[in-house]
1. Starting from the 7 Å offset along Cα-to-Cβ, what nm value, one decimal, do you get for the label separation of residue 319 and residue 358?
2. Determine the gain in length on full extension of the stretch residue 55-residue 100; use 0.36 nm per residue of separation and subtract their C-alpha separation, reporting nm with one decimal.
3. What FRET efficiency do you get for residue 23 and residue 294 if R0 is 51 Å and r is their Cβ-Cβ distance, rounded to the nearest 0.05?
4. Using alpha carbons only, how many angstrom separate the centre of segment 364-426 from the centre of segment 43-88?
5. Only one of the listed values, [x] 40, 24, 18; [y] 43, 31, 20; [z] 47, 27, 20, was derived from the coordinates as semi-axes √(5λ) of the Cα gyration tensor in Å; which label is it?
6. At what distance in nm do the modelled label points of residue 350 and residue 330 sit from each other, each positioned 7 Å from its Cα along Cα→Cβ?
7. Computed FRET efficiency, Cβ-Cβ of residue 308 and residue 425, R0 56 Å: what is it to the nearest 0.05?
8. With label points built 7 Å along Cα→Cβ from the Cα atoms of residue 93 and residue 433, find their separation and express it in nm.
């Protein structure tokens with residue numbers, strides 16, 4: 001009796017994606033760039049359909065009582081879509097990260113070793129409300145020779161379906177198999193995706209702290225991501241006042257739902273009486289709710305008392321906690337204890353203090369005299385990003401093309417065997433670096 005083994009639809013989809021990824025790895029830079037250009041054009045052509053799908057998502061989410069920060073992330077208007085498409089075209093112009101020779105070494109005469117960059121394979125990307133993430137991720141994946149299985153949040157399902165439909169239509173005219181891009185639409189598929197370690201090489205979750213931890217604890221697939229964006233801005237005692245106010249306001253209000261917006265403002269005690277009234281006026285004029293420690297409450301009226309919970313909360317909203325510190329050392333200690341290793345910044349005209357901060361703060365991004373909102377793959381010149389990693393090991397920070405490739409060692413010989421290099425009459429290796437091409 002023959003037993004027919006059935007496989008689930010998701011396993012079948014993953015197998016197709018793996019096969020498409022293998023073929024993608026063989027394509028030239030020109031062929032991948034043509035595919036990326038076709039995606040940009042297809043998205044342009046489908047912009048009305050995509051925006052209408054997003055309006056439907058937003059209306060449904062509002063009816064379900066979606067949280068305000070998530071609603072802002074969900075919105076994909078014509079301007080956001082235009083910027084996302086511009087990011088796709090930027091990726092097309094970037095150098096191909098695949099096939100780069102990192103090591104070129106003669107082990108012995110006729111025995112040559114190379115270390116060469118190559119794609120990871122298949123990426124599983126699970127993200128919450130922000131539908132334009134699908135556009136960024138796909139362009140980076142194709143450029144780096146990877147296939148991708150996307151799972152957007154349920155609140156963005158119509159938007160993601162319209163985006164992926166356009167992407168696949170664009171790819172259908174190119175050498176890239178449209179199976180390199182897949183979209184999952186149900187919550188149940190997440191758990192099954194996390195078990196597909198035979199077909200998926202990396203999981204990148206983009207969401208809440210609890211969700212990222214759930215992913216990490218329920219898969220054997222390597223996970224790259226950040227759980228929280230608890231970012232700080234420290235105002236040192238030696239500052240340009242107008243510069244400090246402008247940076248603080250931008251870092252909080254420019255897009256408060258973003259993971260790189262500040263949640264805590266630390267202020268040196270010597271400058272607090274001068275700085276806090278001015279920055280509070282500017283922040284409150286932009287509807288920011290302020291919460292302060294005891295020392296802050298003695299300077300500012302009509303603000304809420306901060307609690308221990310405030311120091312460890314990612315608001316993703318127009319709320320800012322404020323703490324007055326005695327020294328640079330205390331500010332650094334607070335950041336290293338409560339921070340999420342995302343992005344931290346100092347405002348100071350004291351270069352020694354700035355250097356101490358940049359060296360001593362443990363985060364993927366450490367800034368001097370600029371807004372934390374610059375922590376973004378597009379602003380870094382990566383074209384886009386698949387996410388931001390706060391892990392200690394690389395890739396770290398905004399993950400662009402270089403974070404989506406690995407490398408392999410290729411060796412070519414002419415009948416060489418290890419026995420030649422062992423024993424009493426062992427031959428020596430030459431280990432001569434031959435250099436790599438620019």
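Read the figures in this text as sums done on the coordinates, not as results from a lab. Computed from a predicted model, the values in this text were never measured in an experiment. We place every Cβ from the backbone using ideal geometry, glycine too, and count neighbours over all the protein chains shown.
1. About 3.4 nm, to one decimal.
2. Between residue 55 and residue 100, full extension yields an extra 11.9 nm.
3. Once rounded, the FRET efficiency stands at 0.20.
4. Computed from Cα coordinates, the inter-centre distance equals 33 Å.
5. Label [y] holds the value from this structure.
6. With each label placed 7 Å out from Cα toward Cβ, I get 1.3 nm.
7. The value I calculate is 0.20.
8. Rounded to a tenth, the inter-label distance reads 3.3 nm.
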